[in-house]
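For reference, the structure is listed below as structure tokens.
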Amino acid sequence: MKGVFYKKVNIFVAALLMFSSIQAQQKHAERKPTVTNQGRYKLWYNKPAKNWNEALPIGNGFIGAMVFGNVQNERIQLNESTIWGGGPNNTIDSNARPYISQVRALLAGKKYAEAQELANNKLGPKGNSGMPYQLAGNLYIKFPGADSVTNYYRDLDIANATAVVKYTLNGVNYKREYFTAFGNNVLMVRLTANKPGMISCKVKLQSPLKSSVGVNGKETLVLSGQGSDHEGQKGQIKYTVLTRVKNFRGTCVTDTSGITIANADTAVIYLSIATNFVNYRDVSANSMNRAEDILHKAYRYDFNVLINNHIRFYRSYFDRVKLNLHIDSSASHPTDIRIKNFANNNDTQLAELYFQYGRYLLISSSQPGSQPANLQGIWNGEVKGPWDSKYTININTEMNYWPSEVTQLPELSTPLFQMIKDLSVTGAPTAKIMYGTRGWMLHHNTDIWRITGIVDGAFWGLWPTSNAWLSQHIWEHYLYSGDKTFLKEYYPIMKGAAEYYIDALQKEPEHGWLVVSPSISPEHEYIDGKNQVSVTAGATMDNQLVFGLFTDVIRAAAELHVDKVFADSLAAYRSQLPPMQIGKHGQLQEWLEDFDRTDDHHRHVSHLYGLFPGNQISPFTQPQLFAAVKNSLIYRGDVSTGWSMAWKINLWARLLDGNHAHKLIKDQIKPVTGNSGGTYPNLFDAHPPFQIDGNFGCTSGIAEMLLQSHDGAIYLLPALPDDWKDGSASGLMARGGFKIDMKWANHKIIKLVIHSSLGGNCRLRFNQQMNNKLLAVANGSNKNRFYQVMDLKTPIVKPSNESITPSLIKTWVYDMPTTPGKTYVIEKLIN
Ligand code: FUC
């Protein structure tokens, strides 16, 4: 009785609070145009999703769900990050070594087509090409009555990580609320109406995987399923989905056909999903026990308690960064209409929403302890999704994590770091058996089982340099955080990647340079006579990746005061790597030989790694190289697949051309037609099909347009487009542990707040002269070790028919000494 009384009091208090918050919101709404509140952080629509790309994603790193919002037959498609096909395995090719030697010899003799043929015949995938990430199934909720409703509305509120559906039927207003609880790890759905007794429906579970539905006790609906057998691997993932309802009044009956709710005032659905996955080599957990434990713990709490905890948890990430771009009436339209109109109007705020959506997606798909975000984050509606919805490491996986440091979500890279650690174990025998080296390596794909062999045939898959790219993320995390404990833990992994190259690099006969061979410039081909060939030695990207890795390991060893002799030996190897070369079209050469074509629009722009995400090309110290990169990017063109355009946003930001970066944002946020990239109505990036890297890459690109910290200073507003002339951003991070808040008007910074977590000199770069009384003019040597550019070898410049005109970029640089933990507020910045 007492419990019921308190429950009622609580409901009353909650209702009062809700009412006063509605009142407060209404007051707020009166003050500002309603568009501001409707559009700013909501994706919203006035009709249900017709297909998966219109459904709305919610997730907590472990469970993912796509909410369709159908009136009569609601579908919530379910994912869990460890439901994959197959089981523990690796794909090491124990016969590869002699063929690798033969391919090397052919490449050294410039017999490219023969090298390609041999590689294609002898160095393909062994065993399998990786296992697919799979859906768990669907939660259906069937409602009686007509589909023809009025006032239909659905949204995804990315400021709170909640979704809602509302409509009116026969004079009754219905509401559904959805979220995937952070912390409690359950999917929650609450069904309410504004009249009592109106909630009647049937809840069902279904899956296209091998599965069965049963009942646990009296109240819990159970779906037991299994990951698929795939390419010779037996499906070893077992999973359990549990669903239980808490209803207020009315009745609720559970049998194998589902849960039948009749005449309730409110019904709350609790759903847990768990698997037997422990780690890449262990699937011994009990999925039923785990799912029961999760459900039991969550079921003790009411919806309001869980949603409040959820929102608090989520906002502890989301609220760290704010971006404010101009908002106008364009933002009052449903999101699908905004996407259609974006090319031709000035809906500047849609870029802000898209930026924050990328952060929302990362928080929702990658949490400490979860799997890293895969090609589709955590959301895949298929038994075998595109490219198996696994990890492609020649750009896509890395791009997923580009926003994590700069947009202040560093903890979300934890699953990536765990995966790197796993790969340094599974990739050690691969290095030894396939290449005869120390250290660890993998090729261009992996999956939950952390496979490291060649995938997809040599033309795409003979790329051994992912270990260097992944290691870059370790070093970058240190640059932003200064976290020596982390660096100490991961230094052996970076070192292991470097050891692989010490043993694997080959002396190229023409110049005596040390090159990666065999390899490819990811998935791209050059023309050798009549042949299209991808297999190569000394691709520019590989040279840059190995240069970057060696430099990072040398610096890490110095930071940790270890391995001096090893670091010196790395410096000696590094000096023998090929320099970058500027080719006959005034472009940065993609290959060792000048094969580049000006009409080549391939989606991969691998040789531009040195500009972004690397830091090997600077307009201030390498103007010719900088101009050559620009030429390469102009030749490559703008429109391409989604992730390719997202990469180009970052590249144009690093080329300090905000208007061109903005043009690419416009190219990316447009409806999907044909084969080029675009944006689906749910703001998911289209390769096509959906691939989440483009979302993350664009978020990172927008941050790069506002702040860069890789080139000797923290450069504020390095690539601000004309359309964003006024705005503010807070919480963006710079290397060296600086958090930056800034406000700008008419392209000029008018307020700057710098929080220094590590202390040290804060060197700032501006496009304009600033008030010298507030900032000291930089005095030459950069005293902060965290944002040095790399000392490159002088590039080779070929005689060129076309002009390379390095433009003179004028900036103003200032120094500000800082103390750890202090905040510096700088106003009246302009004289
Ligand atoms: C790489 C790209 C493709 C696609 C795939 C998942 O292979 O070349 O465009 O993104 O990954």
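The values are calculated or read from the model by the stated rules, or taken from the named source; none is laboratory data. As the structure is a prediction and not an experimental result, all values here were calculated from the model. Positions of Cβ are backbone-derived with ideal geometry, glycine not excepted, and every protein chain shown enters the neighbour counts. Please note that ligands, DNA and RNA were not included when accessible areas were found on the heavy atoms of the full protein model with its side chains. Shrake-Rupley method; radii C 1.70, N 1.55, O 1.52, S 1.80 Å.
For the range 340-386, a residue qualifies if it is open to solvent by 20 Å² or more (accessible area, probe 1.4 Å) and either closer than 27 Å to S330 by Cα or without any contact (Cβ under 8 Å) to a residue 24 or more places away in the chain (or both), and the qualifying residues are K340, N341, A343, N344, N345, N346.
Give the residues of the range 243-282 that are in contact with a strand residue (DSSP E or B) (Cβ under 9 Å, 6 or more places away or on another chain), among the hydrophobic types (A, V, I, L, M, F, W, C) and assigned to a loop (DSSP other than H, G, I, E, B), sorted by residue number. Once the filter is applied, which keeps residues that are in contact with a strand residue (DSSP E or B) (Cβ under 9 Å, 6 or more places away or on another chain), among the hydrophobic types (A, V, I, L, M, F, W, C) and assigned to a loop (DSSP other than H, G, I, E, B), the range 243-282 yields only F277. Considering (1) open to solvent by less than 10 Å² (accessible area, probe 1.4 Å); (2) part of a loop (DSSP other than H, G, I, E, B); (3) closer than 30 Å to L423 by Cα, the lone condition that N89 does not fulfil carries the number (1).
Among N445, N394, which is modelled with pLDDT of 95 or more, within 16 Å of the ligand (Cβ to nearest atom), of a type in the set (S, T, N, Q) and touching a Lys or Arg at 6+ places or on another chain (Cβ under 7 Å)? Step through it out loud before you land on a result.
Details: N394 fails: touching a Lys or Arg at 6+ places or on another chain (Cβ under 7 Å).
From the options N445, N394, the qualifying one is N445.
Taking the conditions (1) farther than 17 Å from G658 by Cβ; (2) within 26 Å of the chain's Cα centre (by Cα); (3) hydroxyl-bearing (S, T, Y) in turn, S781 satisfies each one other than (2).
So L664 clears everything in (1) touching a residue at least 24 places away in the same chain (Cβ under 8 Å); (2) closer than 17 Å to R603 by Cα; (3) within 16 Å of the ligand (Cβ to nearest atom) except one condition, right? Which one? All conditions pass for L664, except number (3). Here I261 qualifies as in contact (Cβ under 8 Å) with a residue 12 or more places away in the chain and more than 38 Å from the chain's Cα centre (by Cα).
Being modelled with pLDDT under 95 and either in a strand (DSSP E or B) or under 22 Å from D815 (Cβ atoms) (or both) is the requirement here; does G731 meet it? It is false that G731 is modelled with pLDDT under 95 and either in a strand (DSSP E or B) or under 22 Å from D815 (Cβ atoms) (or both). Give me the residue from the range 718-730 that is touching a Leu at 6+ places or on another chain (Cβ under 9 Å) and open to solvent by less than 10 Å² (accessible area, probe 1.4 Å) and, out of that set, nearest to N767 (Cα to Cα). Selected residue: P718. Quick check on A661: is it at pLDDT 95 or above, of a type in the set (G, A, S), over 30 Å from F550 (Cβ atoms) and outside any loop (DSSP other than H, G, I, E, B)? So A661 fits the description; yes.
Quick one: is S640 under 21 Å from the mean Cα position of the chain (by Cα), within 16 Å of the ligand (Cβ to nearest atom) and open to solvent by 10 Å² or more (accessible area, probe 1.4 Å)? Reasoning before the result, please.
Numbers: under 21 Å from the mean Cα position of the chain (by Cα): yes; within 16 Å of the ligand (Cβ to nearest atom): yes; open to solvent by 10 Å² or more (accessible area, probe 1.4 Å): yes.
Yes: the conditions hold for S640.
Anything in the range 387-410 that is of a type in the set (S, T, N, Q) and surrounded by fewer than 24 Cβ atoms within 10 Å (Cβ to Cβ)? List them, or say none.
So in the range 387-410, the residues of a type in the set (S, T, N, Q) come out as 389, 392, 394, 396-397, 400, 404, 407-408.
Answer for the range 387-410, where residues must be of a type in the set (S, T, N, Q) and surrounded by fewer than 24 Cβ atoms within 10 Å (Cβ to Cβ): N394, Q408.
Residues in the range 454-497 that are in a loop (DSSP other than H, G, I, E, B), within 16 Å of the ligand (Cβ to nearest atom) and at pLDDT 95 or above: I454, V455, L462, W463, P464, T465. Please verify whether the range 587-605 includes one or more residues that are assigned to a helix (DSSP H, G or I), at pLDDT 95 or above and crowded, with 22+ Cβ neighbours inside 10 Å. No, the range 587-605 has no match at all. Residue count for the range 671-683 satisfying the condition of being of a type outside the set (A, V, I, L, M, F, W, C) and buried (at least 21 other Cβ atoms within 10 Å of the Cβ): 6. Against the definition (open to solvent by less than 30 Å² (accessible area, probe 1.4 Å) and either among the polar types (S, T, N, Q) or under 28 Å from the mean Cα position of the chain (by Cα) (or both)), how does G583 come out, yes or no? Answer is no for this residue. When each of R244, R290, R281, R190 is tested for being open to solvent by 30 Å² or more (accessible area, probe 1.4 Å) and in contact with a Pro (Cβ under 7 Å, 6 or more places away or on another chain), the lone residue that passes is R281.
Do we find that G145 is out of contact with any Ser or Thr (no Cβ under 8 Å at 6 or more places or on another chain) and without any contact (Cβ under 8 Å) to a residue 40 or more places away in the chain in this structure?
Numbers: out of contact with any Ser or Thr (no Cβ under 8 Å at 6 or more places or on another chain): yes; without any contact (Cβ under 8 Å) to a residue 40 or more places away in the chain: no.
No; evaluated as a whole, the condition is false for this residue.
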